[in-house]
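The values are calculated or read from the model by the stated rules, or taken from the named source; none is laboratory data. If you're wondering where the values come from, they're calculated on a predicted model, not measured in any experiment. Cβ placement follows ideal geometry from the backbone for every residue including glycine, while neighbour counts extend to all protein chains displayed. What goes into the accessible areas is simple: the full protein's heavy atoms, side chains included, and nothing from ligands, DNA or RNA. Shrake-Rupley method; radii C 1.70, N 1.55, O 1.52, S 1.80 Å.
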Amino acid sequence: MPAAPQIVSISDSASGAEAKILASLGFNCFSWQPVFAEGPREMLWAHPDFASGNERPSGSGIPLLFPFPGRIGQAKYSFGGSEYQLEPGDAFGNAIHGFVHKRPWRVLEHAPARVVGEFQASIDDPSILAHWPSDFRIRVTYEVRGRELLSDIRFENTGDSPLPCGFGTHTYFRLPLAEGATVDDTQVYAPVSKIWELKDMLATGRMLPISPATDLSGGPIAGRNFDTSYAGLTAEADGWYHTWIREPKSGRTVTQLFDRQFTQCIVYIPPHREAICLEPYTCLPDSFRLTAEGHTTGLRVLAPGEVFETKIPIAVS
């Protein structure tokens with residue numbers, strides 16, 4: 001029989017905030033409920049049956065995308081003189097979103113308000129090593145604190161060969177943000193200045209100016225659809241990229257920060273329009289091809305033993 005889903009709950013005793021993580025499916029934080037004057041409110045969107053482990057891993061909560069976020073064209077790539085084949089995962093035959101979001105993780109630590117999970121290819125699914133140039137380990141910590149959901153991300157090359165990699169999150173922020181609000185009034189902001197032209201959901205290498213339909217300067221999402229890859233980010237004086245969504249009548253605002261190690265921001269609204277995704281990526285999807293064509297993509301290559309660390313704080317006010 002399949003193993004029962006492993007759900008880990010964490011809570012902040014001071015504020016009453018809670019979060020739930022599905023460790024057995026990508027260490028996905030699929031529920032976050034900070035507390036407001038009117039009581040707790042769910043800020044993440046997840047399929048009603050997501051906790052069963054039977055729903056699409058990338059369609060709910062906070063999917064963790066590693067060692068590549070987004071797509072790799074035709075599910076194959078070249079690196080270090082070798083060709084690698086991946087599993088197709090979309091309607092165009094592309095691989096999508098890496099390996100770790102759809103596999104079980106191990107829980108290393110579990111405190112009342114904090115949990116640490118880890119996935120290592122050679123330990124948790126050695127079959128991955130036939131499809132990626134080196135072994136890797138990724139460790140993620142979630143903590144709830146007041147009206148904040150804090151994540152610490154650490155990944156490293158645990159193999160003997162260079163590790164090409166990129167990381168991203170695919171957070172589904174639940175809409176509307178407040179009781180009695182409408183989804184269409186929701187305002188969205190990201191500090192971006194360009195978009196990538198896409199063909200069959202892959203960047204062509206050509207950058208386009210932002211149009212009224214793709215503007216992220218704080219306007220409402222009414223009448224607009226997004227599955228858009230943005231670049232040209234500008235950091236605030238504190239060194240962080242600030243993204244946010246806001247309900248204008250109540251002023252309720254969810255802010256997501258990420259640092260300069262991220263080079264792209266994908267914005268997506270699923271067909272049900274009950275959520276919006278603001279997705280920081282350290283590299284452009286299909287980076288192997290685009291790097292070979294001479295584009296700056298953010299693709300990282302970690303030497304054996306090299307470590308990458310970052311944080312993504314999310315807060316609601």
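Where both residues lie in the stretch 1-131, what percent of DSSP beta bridges are antiparallel, nearest 5?
Values: 23 of 24 bridges.
Antiparallel bridges make up about 95 percent of those DSSP assigns within the stretch 1-131.
Full-extension gain between Ala14 and Glu274, please, as 0.36 nm times their residue separation minus the C-alpha to C-alpha distance.
Between Ala14 and Glu274, full extension yields an extra 90.6 nm.
Considering the dipole of the chain built from charges on the beta carbon (Lys and Arg +1, Asp and Glu -1) around the Cα centre, which of Thr228, Ser78, Gly239 is farthest to its positive end?
Result: Thr228, furthest along the dipole toward the positive end.
Can you give the accessible area of Thr234, probe radius 1.4 Å, in Å² rounded to 10?
90
Springs between alpha-carbon pairs under 10 angstrom, Gaussian network model over the chain: which of Ser287, Ser151, Ser211 fluctuates most?
Of Ser287, Ser151, Ser211, the most mobile in the Gaussian network model is Ser211.
Nothing charged except the Cβ atoms of Lys and Arg (+1) and of Asp and Glu (-1): what's the magnitude of the dipole of the chain about its Cα centre? Round to the nearest 20 debye.
220
Would any residue of the stretch 263-296 have its amide N under 13 Å from a label point 7 Å out along Cα→Cβ of Thr214? List them or say none.
It comes to 265-268, nothing else.
Return P(r) of the chain (all Cα-Cα pairs; 20 Å bins starting at 0; whole %; ordered from short to long distances).
33, 60, 7
Starting with the highest mean, order 18-24, 168-174, 131-137 by the number of other Cβ atoms within 10 Å, averaged over the residues of each peptide.
For the peptides 18-24, 168-174, 131-137, the packing ranking is 168-174, 18-24, 131-137.
Counting alpha carbon pairs within less than 8 Å and at least 6 residues apart, what relative contact order, in whole percent, applies to the chain?
18
For a Förster distance of 22 Å, can you work out the FRET efficiency between the beta-carbons of Val301 and Lys194, rounded to the nearest 0.05?
After rounding to 0.05, the efficiency reads 0.35.
Can you list, bin by bin at 5 Å, the percent of alpha carbon pairs in the stretch 216-317, starting at 0?
Percent of Cα pairs in each bin: 2, 10, 18, 21, 19, 14, 8, 4, 2, 1, 0.
Pull out the extension gain between Asp90 and Ala222, defined as 0.36 nm times the separation in residues minus the alpha carbon to alpha carbon distance; nm, one decimal.
Result for the pair: 44.8 nm of gain on full extension.
Please give, to one decimal in nm, the separation of the simple spin-label points placed at Ser82 and Ile7, each 7 Å out from Cα toward the Cβ.
About 4.0 nm, to one decimal.
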